[in-house]
Amino acid sequence: MVLLLILAYFVAPGTLSAVSFSGVLPLTAILAIVSLGQMLVVMTGGIDLSIPGTMTLAAFVTVGVAAGSNENILPALGVALGVSALIGLVNGLLVAVIRLNALIITLAVGQLVRGILLRYATTVANEASVPSALSEWAIRQNFGVGSIFWIGLIVMVVFTLLLGYTGIGRRFKAVGANPVAARIAGLRVTSYVTFAYVVAAMLYGLAGFLLASFIRSPTQGLGLPYLLGPIAAVVIGGASLSGGLANVASTAVAAFFLTVLSQMLRVLGFSTDLQFVVFGLAIIIGMAVSGERIVDMVEFFQKRFAKTSEKSNLAA
């Protein structure tokens, strides 16, 4: 992150301007929230590809339920989170209870959600937007930073405390690290995995709600950029794809890294489509230098050193 900021300072200083950051920080918070949801799923050894559909449907539900009325903002948020939780529950039951492949199932559920979205979108006017009070809140500055950023920070703090300082969080990590041992220890593995998908989907729904409030009038392609971005953030953040090991702060910083990198490319005049290339490369590089591979490499050199020392001792 430090190297990227230094590079941006010399190559594209406009990236670090106040105007640029005012647009980057809300998007960083939204990506961080979605990435935390993906992180929960990855901690169970799975992966979630239903993010774009869930986010977009939540955004359209927000607009549809609110119907432009400031009095309907909270009910719209509640319905958006409820619909998202239902999507997560379907994913969780199919993966944890029926034990189907998470990659295929979440991709299929995402397509089902996409179909429902297209159907629901016909009932929402193309020019419809979120209530004025919600859009004003989204761009309002608090201590020099937008409201959405503070929501992202609150979510990050809450999950840091839950996963690191509560019994539920420690048991959840144990379930992800070794489901068999956790089941022998008496933990309800199926419940924890299902709950992870539900909470993750609610985070996607919250992100869709926030993104709709930020751009005012959501489109059907609203969630598409968030298919690879969260996976990239989780991988760069050092999460173990086999489950169990992950860090909230690292994932959030990785989301900030990717957002700043995309902004720098835009300042340099590159096409917006290039961010998909960046996310793909980030996943590949993140996998190549992941914590697990580094640990394996260190163990390899330790064993080589131990064998060399043993041979030297025998020769002496």
If we keep only residues of region 151-187 that are surrounded by 15 or more Cβ atoms within 10 Å (Cβ to Cβ) and aromatic (Phe, Trp, Tyr), then the residue nearest to residue 241 (Cα to Cα) is 172
Based on what the data block shows, is residue 103 within 21 Å of the chain's Cα centre (by Cα), modelled with pLDDT of 95 or more and surrounded by fewer than 23 Cβ atoms within 10 Å (Cβ to Cβ)? no
Considering region 1-22 alone, what residues qualify as being assigned to a helix (DSSP H, G or I) and in contact (Cβ under 8 Å) with a residue 12 or more places away in the chain? 4, 5, 7, 8, 11, 14, 15, 20, 22
Taking the condition of being more than 12 Å from residue 259 (Cα to Cα), among the aliphatic types (A, V, I, L, M) and at pLDDT below 95, how many residues in region 21-35 meet it? 0
Of the listed residues (164, 186), the one being out of contact with any helix residue (DSSP H, G or I) (no Cβ under 7 Å at 6 or more places or on another chain) and outside any helix (DSSP H, G or I) is 186
Any pair with Cβ under 9 angstrom, 6 or more apart, that starts in region 272-301 at a residue that is at negative phi and among the basic types (Lys, Arg) and ends at one that is at pLDDT below 70 and surrounded by 11 or more Cβ atoms within 10 Å (Cβ to Cβ): 293/287
Filter result for residue 190 (within 20 Å of residue 52 (Cα to Cα) and not aliphatic (A, V, I, L, M)): no
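Every residue, every condition in (1) over 21 Å from residue 24 (Cα atoms); (2) of a type outside the set (Val, Ile, Thr), yes or no:
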site	(1), (2)
95	yes, no
101	yes, yes
111	yes, yes
116	yes, no
131	yes, yes
142	no, yes
Could you check region 262-308 and list, in sequence order, the residues that are at pLDDT below 70 and among the hydroxyl-bearing types (Ser, Thr, Tyr)? 272, 290
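The values are calculated or read from the model by the stated rules, or taken from the named source; none is laboratory data. All values derive from a computational prediction rather than experimental measurement. For neighbour counting, all protein chains shown are included, and Cβ atoms are generated from backbone atoms with ideal geometry for every residue, glycine included.
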